Amino acid sequence: MSTQITGTLVWYYAICPREAWLMAHELEPERNFDLLAEGRLNQEAHYKRATKELSLPGMRLDGVRREGDRLIVSEVKKSSRFLPATRLQLGYYLWRLDKEGMEAAGEILIPKERKREVVELTPELKGQVEGIMEEIEALVAQPAPPPTVKIPFCKNCAYAEFCWS
Ligand code: SF4
């Protein structure tokens, strides 16, 4: 089975592999309870009129603009709690754009905290993204999800009832 890897799946995987498995197998969570959905609402409130949204297969970029010869792609989050996962998500987008021959850099925007972090596709990040993609492929090929592991994210996760009831 070939997995349709998306930036969102990378983000989930970095937080909870079990959630990534459930998402990849199309067990859709209730989006009203999902942190990502909260992030989207946050994004819409702050950035809808300020940025253009670009959708490509597996990529839903919150904002795209051109700076000189390269693209700057933005990912908007509600808080900096999951920054490592967001760096990987953006890294995935930059990796995809690189494959298409497009020079790009990323930025993580956290309006509530007035934060902006620049993300470049360094060789290290590229290696991490390629590694994580292999891991996701192997995970999703498994017939069952990994066991539940209690993490702080669980209390905001749409699968909480599924995992813990
Ligand atoms: S409830 Fe916890 S263990 Fe279950 S998918 Fe969500 S984050 Fe993972």
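Read-outs: derived from the displayed coordinates by stated rules, not from any lab. Quick caveat: nothing in here was measured; it's all calculated off a predicted structure. No Cβ is skipped: glycine too gets one built from the backbone with ideal geometry, and neighbour counts run over all protein chains shown.
Some values worked out for this structure:
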quantity	calculated
Difference of contour (0.36 nm per residue) and Cα-Cα distance, M59 to K112	16.7 nm
Mean Cα-pair separation over length for the stretch 98-142, i.e. relative contact order, pairs under 8 Å, 6 or more apart, %	24
Sparsely packed GluC sites (Glu not before Pro) within the stretch 98-137, loop by DSSP, other Cβ within 10 Å at most 16	E100, E103, E120
Cα gyration tensor category, rounded, prolate or oblate, for the stretch 48-165 with a/c compared to 1.5	oblate
